[in-house]
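Q: Please read through the structure below; I'll follow up with questions.
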Amino acid sequence: MAAPSGAASCEDFAEFQELLRVMRTIDDRIVHELNTTIPTASFVGKIDAGQTCKELYQSLMDAHTSRERIIKNCIAQTSSVVKTLREEREKAQEDLALLKQLRKEQTKVFNERCRIHYKPPKSQ
């Protein structure tokens with residue numbers, strides 16, 4: 001069970017959550033994986049339990065590394081956008097469009113979670 005690869009979209013919080021959910025599959029199914037890959041007493045000689053455990057461990061570590069990389073990348077992306085907008089706001093405190101854009105970035109999680117229940121009007 002390998003972790004999915006590819007670039008994570010940090011723009012859509014729901015998509016990001018779904019990607020993390022998929023990437024957690026190996027963790028969520030660890031007991032099942034152990035039960036189906038580690039031999040019972042009657043199959044001890046037919047399967048190399050050491051190699052199987054090593055491969056399962058490597059899959060877990062790969063999944064953890066991939067999730068950590070994606071999470072840190074999205075934190076960095078979002079932080080960078082907010083930092084840039086804050087710097088621009090400091091330079092142009094009266095720029096209403098900039099203030100709106102900054103607020104939008106700072107409340108991205110709220111907007112993503114509420115989008116099913118409420119769609120704010122489009123600003124122009």
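The values are calculated or read from the model by the stated rules, or taken from the named source; none is laboratory data. It should be emphasised that the depicted structure is a prediction, and the values quoted were computed from it without experimental measurement. All Cβ positions, glycine included, derive from the backbone under ideal geometry; neighbour counts span all protein chains shown.
Q: Can you name the residue in the stretch 81-100 that is surrounded by fewer than 14 Cβ atoms within 10 Å (Cβ to Cβ) and aliphatic (A, V, I, L, M) and is also modelled with the lowest pLDDT among such residues?
A: So, considering only residues that are surrounded by fewer than 14 Cβ atoms within 10 Å (Cβ to Cβ) and aliphatic (A, V, I, L, M), the one modelled with the lowest pLDDT is ALA92.
Q: Could I ask something else about it? Taking the conditions exactly as written (exposed (fewer than 13 other Cβ atoms within 10 Å of the Cβ), assigned to a helix (DSSP H, G or I) and among the basic types (Lys, Arg)), does LYS54 satisfy them or not? Walk me through it before giving the result.
A: Working: exposed (fewer than 13 other Cβ atoms within 10 Å of the Cβ): yes; assigned to a helix (DSSP H, G or I): yes; among the basic types (Lys, Arg): yes.
Against the criterion (exposed (fewer than 13 other Cβ atoms within 10 Å of the Cβ), assigned to a helix (DSSP H, G or I) and among the basic types (Lys, Arg)), LYS54 qualifies.
Q: Find the residue count for the stretch 11-39, including only residues that are among the aliphatic types (A, V, I, L, M), surrounded by 14 or more Cβ atoms within 10 Å (Cβ to Cβ) and more than 16 Å from SER59 (Cα to Cα).
A: 1
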